[in-house]
1. Could you grab me the full set of residues in the stretch 289-306 that are in contact with an Asp or Glu (Cβ under 9 Å, 6 or more places away or on another chain) and surrounded by 19 or more Cβ atoms within 10 Å (Cβ to Cβ)?
2. May I ask you to verify whether D336 is among the acidic types (D, E) and over 25 Å from the mean Cα position of the chain (by Cα)?
3. Going through A395, A386 one at a time, which residue ends up being in contact with a helix residue (DSSP H, G or I) (Cβ under 8 Å, 6 or more places away or on another chain), small (G, A, S) and either surrounded by fewer than 14 Cβ atoms within 10 Å (Cβ to Cβ) or without any contact (Cβ under 8 Å) to a residue 24 or more places away in the chain (or both)?
4. Working only within the stretch 68-97, note down all residues that are outside any helix (DSSP H, G or I) and either among the aliphatic types (A, V, I, L, M) or without any contact (Cβ under 8 Å) to a residue 24 or more places away in the chain (or both).
5. Which of the residues spanning the stretch 40-64 are open to solvent by 30 Å² or more (accessible area, probe 1.4 Å), in contact with a helix residue (DSSP H, G or I) (Cβ under 8 Å, 6 or more places away or on another chain) and within 22 Å of Y201 (Cβ to Cβ)?
6. Identify all residues within the stretch 277-302 that are of a type in the set (G, A, S) and either modelled with pLDDT of 95 or more or within 17 Å of L433 (Cβ to Cβ) (or both); write none if there are none.
7. What helices (runs of 4 or more DSSP H) lie completely within the stretch 172-288 and have 2 or more residues being open to solvent by 50 Å² or more (accessible area, probe 1.4 Å), of a type outside the set (A, V, I, L, M) and under 18 Å from L127 (Cβ atoms)?
Amino acid sequence: HMDSVVQIVEALESTDHGFTGTVPELARALGGCSTPGCRAVLGEPPDVPPTPPALSHEQWLLFTQLLGHDAAAPERGAVLAPDGSTVALSPLLAGIEVGLKRAAGWPVPTVEPPIDALYAVTIAEVLGTSFLLARDGDGNRATLGPSGCWDDMDDPQNYTLLGPPSPIPDAVANGAMDGVLLGARLARAPTPLADLLRGYYGTGNGTEKGRPPSSYRRRDFGVLTGPKKLEEEVAVMLRVLRVLPPTRELLEDVGPEEVAAIAHRAARDFTEVYVECPAIVPRCMWGARPYRGTPKPLTLPLDSVYIHHTFIPSAPCRTFTACASAMRAMQRFHQDTRGWDDIGYSFVVGSDGYLYQGRGWHWVGAHTKGYNSKGYGVGYVGDFSATLPDPDTIALVRDGLLPCAVRTGRLHRNYTLRGHRQMGHTDCPGNSLFREIETWHGFK
C-alpha cells in the first residue's frame, strides 16, 4: 500500500542520523535510478547505507525490494494507491529528487544536448527506449501497458500484469506522471515528502471523503505536458542515449529522421493512451466474480452507445472502495436475482474519476434489451432523476471514453447515442441525466 511507503518516508524524514542524503537519494542507492539516462542526469547512485535506525527491519526490507531494479519486470516496484491505481516508485521518487534539487538551486546537469531533467528521469528515457526497441520487431512487441491486478486489495502482496509486458506497464506510466507533477510542484515550493505524498494520494487522511488529487493525474499531466513537449524531450533523450556507452550500440544505425519519427510516435501514443483516454479499472481490481457460461463476442466497431443510471445504488460513489463495492453489489443482483451471466453494463462510471470494466469492449452485455449486440451500455452510479453527475464525471464519458472508443476502432465515427428510455419502458437514465445527454455529440 502507498500508506506503507508514506510511513517509511515519514520515519526517514523525522530523523537525521543514519543516512545523510534525502529519501530520493536513498531510493537511488537502492537501485531506483539505475538506467543510463537517469544516471547521466542525477549522477552515480550513493552507496547503500546500513539499515537506517528509524526503520524497522520489515520496513527496510520492503523499501529495498520496491526499489531494487529489475529490467525484465519494471512493475515489480509498484504499490497500490488509495484511488485504486498502481504506482511504480522509481520514476515517482526520481521526479521528486529533481524537484527538490531545483528548489535548492541545483546547477543544471551538463548533458549534451541539454535536457529537461524532470522529464528525462521520469518518462523520456523509458518511453524513447520502449519505442526504439519495438521499431524493428515483428509489430507484436508491446510498447505501452498493460494494467495489472493485485492478489488481495486489503493486503496487496503480488501484482500480476494482464497481458504481454512492455517497458512501460500502467504502473510505470502512473509513477512517471506523478513524478513529473510532484517534481514540478516541489521545485516551486519544497514540502516535507510525507506531507506531499499523503496529500496527493489521500493516504491516512480520510480518503473516504472523496477524490484524492492522484485521481486527476491524467488531466493534470496533460495540462502540464502537451504532446509537443513530450515529443521534444523523447527526441533529446534519444540523442543523449546515442553518446552514452551502455546505449550507444542500440542507436548506432538510427538516423536523425528515424529518431524524430520514434519520438513523434512515442509521444502521440502515450498521450492517446494515458492522457486522452480515461483509466478503466479492470474486473479483477473491483473483485468481480467469474462470468457464468460463455460470453458472446461483439463485432466491432459498434454503431451505438446507450446511457444508463444505476438507480440503485442511488448515491454516486466517490472513492475506489465505494465504487468497487457498488460494482460487486450490482454484479450480485444481476447474476443472482436477474439470472444474468454477469453484470449487465459494458462500463460503469464512478464519481471517483474512474471507469469500471463490466463486460468491457469485446463482449455482449445485458443492458438494453434487444440492442445488446448493437452498442455499449454505459451506466452512471447513482440516481440522476433530479440531479446531475459532477461535471468531470460527465466529461469522463462525453470527452474521454467516447472519443477514445472512436479513435481505437471500437465505435463507428458516426455512432448514435441514446438514453435507455428511448429503447424500452423505463425512466433510465433519469430526467436530469437524459436532458444532459441530449446535448452530446451523436445523440439522436
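The values are calculated or read from the model by the stated rules, or taken from the named source; none is laboratory data. Remember, predicted model here, so these are calculated numbers, not experimental data. Ideal geometry is used to build each Cβ from the backbone, glycine not excepted, and the neighbour counts take in all protein chains shown. Areas reflect the complete protein model, heavy atoms only, side chains present, ligands, DNA and RNA absent. Shrake-Rupley method; radii C 1.70, N 1.55, O 1.52, S 1.80 Å.
1. The answer is none; no residue qualifies.
2. Numbers: among the acidic types (D, E): yes; over 25 Å from the mean Cα position of the chain (by Cα): yes.
Judged against the criteria, D336 is a match.
3. Matching residue, one of A395, A386: A386.
4. D70, A71, A72, A73, A78, V79, L80, A81, V87, A88
5. Correct list: A54, Q59, L62.
6. Once the filter is applied, which keeps residues that are of a type in the set (G, A, S) and either modelled with pLDDT of 95 or more or within 17 Å of L433 (Cβ to Cβ) (or both), the stretch 277-302 yields A279, G287, A288.
7. Numbers: elements: 193-201, 217-224, 227-243, 245-248, 256-271, 283-286.
Ranges flagged: 227-243, 256-271.
So that you can scan it fast, the table gives a plain yes or no per residue for (1) closer than 21 Å to L92 by Cα; (2) crowded, with 19+ Cβ neighbours inside 10 Å; (3) at pLDDT below 95; (4) over 16 Å from the mean Cα position of the chain (by Cα):
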site	(1), (2), (3), (4)
G137	no, no, yes, yes
D152	no, no, yes, yes
P156	yes, no, yes, yes
P167	yes, yes, yes, no
